[in-house]
Amino acid sequence: MDVVIERTHINWAAWTALDSGVVSFTKDWKGKNPPELWWGEDKLNLKSIRRFVPEQFGLQGGYFGRDGKLKFVLPDILLEDFDEDEDYYVTGSFNGWDEAIGEKDWQMNPGVVMGQSCQVLTISEEDFSHIENANFKFVTGSGVWIDVPEDARNTHIDKLGIKNYLFSSERSGRHLFRFKTPLPLNQGEGRRLFAKIGETVESIRLNPGVFLKSMDAEGPFGAIIEDGLTRFRLFAPRAKSVSLYLFDDQDGPEGEPIEMELTENQVWEISLDGSYHGWFYHYAVTGQEVEESGYFDPDFRIIDLYAKAVCGPLGPGIVVDEDFFQTEHIPFKAPNWHDLIIAEAHVRDLTANAPVSMSDEERLGFRGLNKWIEDEAFYLKQLGVNAVELQPLHEFDSIDKEQYAWGYMPINYFSPASQYCKDPTKLDQIVEFRETVRCFHQQGMAVLLDVVYNHVGEPNFLQYLDKEYYFLLTNDGHYENHSGCGNTLDANTPMVRRLIRDSLVHWIRAYDVDGFRFDLGELIGVETFSWLEKELKAVKPEIILIAEPWSFRGHIGKQLRETGFASWNDGYREFARKYVTNQAESRDVGFFMRGSTPDWSRFPAQSVNYVASHDDRCWIDKISENSNHDGHRPTEADRRRTHIMTGMLMMSVGIPMVSSGMDMMKSKGGTNNTYLRGDLNAIPYDRMAEHSGTVEYFRKWIAFRLSELGRYVRLDSFPGNGYFITSRNDVAFGIIYNAGWLSGSERLLFVMNPGYEYRILQFTDNKMESFDQISDTERWGDPVLEEPKFAMQGETVSVPPLSCGLFVQRK
């Protein structure tokens, strides 16, 4: 069939449909009369079916067609931040993207569309008649891309996570119709739109439109104790009723339901006399379920999204008086971003084999970790890092307390994991984790939390509140799975944003954490990140914000450049592995070691440089010469490559991050996904003695990075021309820092050669003999190396195979 329904949306208020809807067809509607549309099996005819004016589509979608002409349209309202004399161009897959910048044929001119001032480019529709599903965008003459507006209906996010307009020669603005609904009309009467197209009837599920997704409400939410009352507040936008169950014995009866009242903005509320601190509670929600629109179930008990503590992944929540969190934190200021060295770690990986006396139960969580942190031999303290990034420790989905998991299936965003404390019913999770942060701070380490706001685990309590509000869904009402975990939260809805913000602020105020790493940040998005940055810095100006900039949908690493977020640099990760294993030439080394600017970073600390994390194989397994990626018994080349990598990582501008156990060449035997494998993930401290040389090498490099000389690498802003001098050949690479002597009276030189033959590097107009060698691939000098040292003559340095070296030159 030539024309089929593509998508629809309609405005919902609670569980009543109001106002209008829009139906979109895959191609322009050629008929003289509008299509015949009706709602539900009872054929309730829709009224006032009107075709969109093509110009209406153009103002939102960037183009429209009329009278044989195709007009690209860029409203001036989107150009308020640009100079009046700026030029604008149409670029896309049909003209080579930025190759079109400066080309007169693609330059736009001032015009007016439906009374709005715009930039317009007019061409013949015939010239584009063969083009189908082409990406395009508008750009300034100086190369600044214009963001696609949120209300554009024709968009496509490419594999890099970049949002573009989508052009089709078969959709020029005559494919959209607006309709009105008969009133009243509730969801119980069906959720499908029918259209008669020729002799055939097409149908599609009606999706809630912008009204539902824009619903917002003011807090606070959860259980609030104040003024002699305990107040419960829950946002449930399409619920018909909400019942509160409140009880003082977790194992006893839950009591009779307490019916909550619907107040403004779809917030359900009830206030009770007295303080119910320490009591247990959950909710039951009823609503109208049609097709895949929801999971309203009065028999299902829902944990409060805002519960500050929970008894376990199945609930119930626990009422916690805000005064319980009022404790004095020890004075601690996290290092400046450019001074950070981060170790990624998991609570149980740190404690499982820790050489400290503790019970098996203590090794499962915070109490054992606190003992280990306070011990003088604490691993991360000995390693020398000044920040720890803890894998998720908000409540997750493991019902069996002893079951190991990484924690990336969140159940509640406010409560520390019940799985990691002694007795969650007594609020031990709050007390014990607060002590964990205090212990790290006493050791001089900032605490960053890995947080997961892109999906939820099982049971999925949010779907019982309002599946369509909280999640991204297909046209058929099924979950979009860009997270790879079964569902995707819609971080653009106001109440999801508020949930993220409020829970992060809680972790800051209640526990004094220093920052966050956002899992699969592409699903949260640049716009929400920018908003969060402003909100969180108002609470803690020095907060550390890091994003994992990708998802299964796309990548926003380059877009984050314009925010105050740092991000995991996966380009660095992949290049470093290939380079040190002699699978990549030295051509791109300088880009990554100088901070991945300008493509990735606007300031040096925006690039979190790393070579391995919890995901996938660990470092030694990735690079090992052994079969099956098994680095348990590393070869000599494996070890030397690890040392080269360590030097490269610590001499790279940006924030270095190491994976715990990497210094002792921890191996997972080649296993790729170890999500549930505590036996493979646990840090094997006994390997520290076996590989003591590598352990000490890591420690020396970290100490150097944090030393006075290390300031030439720990840059807080990108220096001007002349700070770096580089030299390379096909394999070897060298770089001089502070080359122009503008930042101090020392210059640093770092060289490396992952190849199997000696390589000569030349630094024109530099006397190599005036540099003192500080380290090589095995040793560190005190303060400089004794012989043997790298051969240096005139302007050249000879770099041995599988080697690296660090040098200093003083005025």
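The values are calculated or read from the model by the stated rules, or taken from the named source; none is laboratory data. Being a predicted model, the structure only gives us computed values, none of them experimental. Heads up, the Cβs are rebuilt from the backbone with ideal geometry, glycines too, and the neighbour counts pull from every protein chain shown. Note: accessible area is taken over every heavy atom of the protein model, side chains too, but ligands, DNA and RNA are not part of it. Shrake-Rupley method; radii C 1.70, N 1.55, O 1.52, S 1.80 Å.
Scanning the range 614-658 for residues that are part of a strand (DSSP E or B) and aliphatic (A, V, I, L, M), we see that the one that is nearest to GLU696 (Cα to Cα) is VAL658.
Of the helices (runs of 4 or more DSSP H) lying entirely inside the range 334-395, not one is found with 3 or more residues being open to solvent by 40 Å² or more (accessible area, probe 1.4 Å), touching a Gly at 6+ places or on another chain (Cβ under 9 Å) and among the hydroxyl-bearing types (Ser, Thr, Tyr).
All of ARG633, ARG587, ARG594 fail the test of being at pLDDT 95 or above and surrounded by fewer than 19 Cβ atoms within 10 Å (Cβ to Cβ), apart from ARG633. Do we have PHE136 as assigned to a loop (DSSP other than H, G, I, E, B) and surrounded by 12 or more Cβ atoms within 10 Å (Cβ to Cβ) here? In short, no.
Cβ separations smaller than 8 Å between residues 6+ apart or across chains give the following pairs from the range 285-297 residues that are under 15 Å from TYR479 (Cα atoms) to residues that are open to solvent by less than 40 Å² (accessible area, probe 1.4 Å) and modelled with pLDDT under 80: GLU291/ARG191; GLU291/ARG205; GLU291/GLY477; GLU292/ARG205; GLU292/GLY477; SER293/GLN187; SER293/ARG191; SER293/GLY477. Restricted to the range 758-781, and to residues that are under 18 Å from HIS643 (Cβ atoms) and part of a loop (DSSP other than H, G, I, E, B), which residue is most open to solvent (accessible area, probe 1.4 Å)? Residue satisfying both the conditions and the ranking: TYR758.
Going residue by residue through the range 527-545, is there one that turns out to be at pLDDT below 95 and either among the acidic types (Asp, Glu) or closer than 24 Å to VAL653 by Cα (or both)? Within the range 527-545, one or more residues are at pLDDT below 95 and either among the acidic types (Asp, Glu) or closer than 24 Å to VAL653 by Cα (or both).
Close contacts from the range 497-513, counting a first residue that is farther than 15 Å from PHE325 by Cα and of a type in the set (Lys, Arg) and a second that is open to solvent by 10 Å² or more (accessible area, probe 1.4 Å) and assigned to a helix (DSSP H, G or I), with Cβ to Cβ under 6 Å and a gap of 6+ residues or different chains, come to ARG501/GLU535.
Scanning the range 265-283 for residues that are in a strand (DSSP E or B), within 32 Å of the chain's Cα centre (by Cα) and surrounded by fewer than 21 Cβ atoms within 10 Å (Cβ to Cβ) gives a single hit, VAL267.
Within the range 524-538, being open to solvent by 10 Å² or more (accessible area, probe 1.4 Å), in a helix (DSSP H, G or I) and not basic (Lys, Arg) holds for VAL526, GLU527, SER530, TRP531, GLU533, GLU535, ALA538. Counting the residues of the range 66-96 that are under 19 Å from ASN135 (Cβ atoms) and in contact (Cβ under 8 Å) with a residue 40 or more places away in the chain gives 13. All conditions in (1) open to solvent by less than 60 Å² (accessible area, probe 1.4 Å); (2) modelled with pLDDT of 95 or more; (3) over 30 Å from GLN403 (Cα atoms) hold for GLY720, with the sole exception of (2). The sole residue among VAL751, VAL731 that is open to solvent by less than 40 Å² (accessible area, probe 1.4 Å), of a type in the set (Val, Ile, Thr) and assigned to a loop (DSSP other than H, G, I, E, B) is VAL731.
Among the residues of the range 788-810, those that are surrounded by 14 or more Cβ atoms within 10 Å (Cβ to Cβ) and not in a loop (DSSP other than H, G, I, E, B) comprise MET792, THR796, VAL797, SER798, VAL799, SER803, CYS804, GLY805, LEU806, PHE807, VAL808, GLN809. Restricted to the range 488-513, and to residues there that are assigned to a loop (DSSP other than H, G, I, E, B) and touching an Asp or Glu at 6+ places or on another chain (Cβ under 8 Å), the residue that is nearest to GLY222 (Cα to Cα) is ASN492. Report yes if some residue within the range 431-444 is within 30 Å of GLY384 (Cα to Cα), among the aliphatic types (A, V, I, L, M) and surrounded by fewer than 22 Cβ atoms within 10 Å (Cβ to Cβ); otherwise report no. For the range 431-444, residues within 30 Å of GLY384 (Cα to Cα), among the aliphatic types (A, V, I, L, M) and surrounded by fewer than 22 Cβ atoms within 10 Å (Cβ to Cβ): present.
Only one entry in ASP299, ASP323 is under 22 Å from GLU458 (Cβ atoms), of a type in the set (Asp, Glu) and open to solvent by 10 Å² or more (accessible area, probe 1.4 Å), namely ASP299.
The single condition among (1) crowded, with 22+ Cβ neighbours inside 10 Å; (2) within 26 Å of ALA334 (Cα to Cα) that PRO410 does not satisfy is (2). Just one of ARG759, ARG699 is basic (Lys, Arg) and touching a helix residue (DSSP H, G or I) at 6+ places or on another chain (Cβ under 9 Å); which is it? Testing whether each residue is basic (Lys, Arg) and touching a helix residue (DSSP H, G or I) at 6+ places or on another chain (Cβ under 9 Å) leaves just ARG699.
Residues that are open to solvent by less than 80 Å² (accessible area, probe 1.4 Å), more than 14 Å from ILE302 (Cα to Cα) and either among the basic types (Lys, Arg) or touching a Pro at 6+ places or on another chain (Cβ under 7 Å) (or both) within the range 216-246 comprise ASP216, ARG231, ARG238, listed in sequence order. The requirement of being farther than 30 Å from LYS308 by Cβ, at pLDDT 80 or above and touching a Leu at 6+ places or on another chain (Cβ under 6 Å) is not satisfied by ASN164. If you go through the range 350-370, how many residues are among the hydroxyl-bearing types (Ser, Thr, Tyr) and over 15 Å from LEU380 (Cβ atoms)? Matching residues across the range 350-370 total 2.
For the range 422-438, what are the residues that are touching a residue at least 12 places away in the same chain (Cβ under 8 Å), over 13 Å from LYS308 (Cα atoms) and not in a helix (DSSP H, G or I)? Answer for the range 422-438, where residues must be touching a residue at least 12 places away in the same chain (Cβ under 8 Å), over 13 Å from LYS308 (Cα atoms) and not in a helix (DSSP H, G or I): just LYS422. Scanning the range 545-577 for residues that are of a type in the set (A, V, I, L, M, F, W, C) and open to solvent by less than 10 Å² (accessible area, probe 1.4 Å) turns up LEU545, ILE546, ALA547, ILE556, LEU560, PHE565, ALA566, TRP568, ALA576. When we screen THR581, THR642, THR597 for residues that are farther than 20 Å from THR777 by Cα and of a type in the set (Val, Ile, Thr), the only hit is THR597.
Tell me, which residue of the range 753-782 that is small (Gly, Ala, Ser) and in contact with a strand residue (DSSP E or B) (Cβ under 7 Å, 6 or more places away or on another chain) is modelled with the highest pLDDT? Out of the qualifying residues, it is SER775. Taking the conditions exactly as written (crowded, with 18+ Cβ neighbours inside 10 Å, assigned to a loop (DSSP other than H, G, I, E, B) and at pLDDT 95 or above), does LEU785 satisfy them or not? It is true that LEU785 is crowded, with 18+ Cβ neighbours inside 10 Å, assigned to a loop (DSSP other than H, G, I, E, B) and at pLDDT 95 or above. Taking first residues from the range 781-794 that are more than 13 Å from GLU769 (Cβ to Cβ) and partners that are assigned to a loop (DSSP other than H, G, I, E, B), the Cβ contacts under 7 Å between residues at least 6 apart in sequence or on separate chains come to LEU785/ASP776; LEU785/ARG779. Checked across the range 459-478, the condition of being among the aromatic types (Phe, Trp, Tyr), assigned to a helix (DSSP H, G or I), closer than 18 Å to PHE396 by Cα and open to solvent by less than 10 Å² (accessible area, probe 1.4 Å) holds for no residue.
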